[in-house]
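Contents: one structure, followed by commentary.
The values are calculated or read from the model by the stated rules, or taken from the named source; none is laboratory data. This is a predicted model, so every value here is computed, not measured. All Cβ positions, glycine included, derive from the backbone under ideal geometry; neighbour counts span all protein chains shown. Surface areas here come from the heavy atoms of the whole protein model, side chains and all, with no ligands, DNA or RNA. Shrake-Rupley method; radii C 1.70, N 1.55, O 1.52, S 1.80 Å.
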Amino acid sequence: MSVTATLQLQVKLRSTVKFLDIAEVARRSGMAASKLRFYEEKGLIASVGRRGLKRLFDPGVLERLSLIALARTAGFSLDEIGGMFGEDGRPRLDRAQLSARADDLDRTVRRLGALRDGLRHAAACPAPSHMECPTFQRLLRTAIPQQAEQAPPPMRR
């Protein structure tokens, strides 16, 4: 293929792909443009060029942003999320990592469920004072991690 034919093909391909400017990506994703710039700085997304001063993105960035948002909601760090993409930019999800995160979420759900139940009990407890209620006392004991209970007393001056 000649250089002219190659350039014409590249121009034709570029004209058929509708790139999204950063404002459109922000609108469609619900993310602030500043967050998009930050994600680009971190290497999580990449712009394909500029139109004037505005960054342009391939429409596929929206799917990538959805994956990033899902991972953030699940508690993954940005560095962990960065590792979820291969060199080609496609998702490369580690199933063991996903399973471990699901286990963490299960523990959090159980802990929050116990907290919810304790608060509901405290709200309806017939004891004259919450401090006299054994259920509320158990709830208080769970509020401080065990390490804090075993910490040495503070030094006096």
Evaluate the stretch 35-48: report whether one residue or more is in a helix (DSSP H, G or I), more than 30 Å from residue 138 (Cα to Cα) and modelled with pLDDT under 90.
-> no
Restricting the search to the stretch 62-87, which residues are over 21 Å from residue 22 (Cβ atoms) and loosely packed, with under 13 Cβ neighbours inside 10 Å?
-> 70, 73, 75, 77, 79, 86, 87
How many residues does the stretch 67-93 contain that are more than 13 Å from the chain's Cα centre (by Cα), touching a residue at least 12 places away in the same chain (Cβ under 8 Å) and farther than 13 Å from residue 45 by Cα?
-> 0
Examine the stretch 113-136 for a residue that is at pLDDT 90 or above, part of a loop (DSSP other than H, G, I, E, B) and in contact with a helix residue (DSSP H, G or I) (Cβ under 7 Å, 6 or more places away or on another chain), and state whether such a residue exists.
-> no
Picked from the stretch 94-143 (must be under 30 Å from residue 76 (Cβ atoms) and hydroxyl-bearing (Ser, Thr, Tyr)), the residue farthest from the chain's Cα centre (by Cα) is 142
Among the residues of the stretch 100-121, count how many are under 30 Å from residue 132 (Cβ atoms), surrounded by 12 or more Cβ atoms within 10 Å (Cβ to Cβ) and not hydrophobic (A, V, I, L, M, F, W, C).
-> 3
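Does residue 148 satisfy the criteria of being open to solvent by less than 100 Å² (accessible area, probe 1.4 Å), small (Gly, Ala, Ser) and modelled with pLDDT under 90?
On the way: open to solvent by less than 100 Å² (accessible area, probe 1.4 Å): yes; small (Gly, Ala, Ser): yes; modelled with pLDDT under 90: yes.
So residue 148 passes the test.
Being touching a residue at least 40 places away in the same chain (Cβ under 8 Å) and part of a loop (DSSP other than H, G, I, E, B) is the filter; apply it to the stretch 49-61 and report the residue that is most open to solvent (accessible area, probe 1.4 Å).
This residue is 58.
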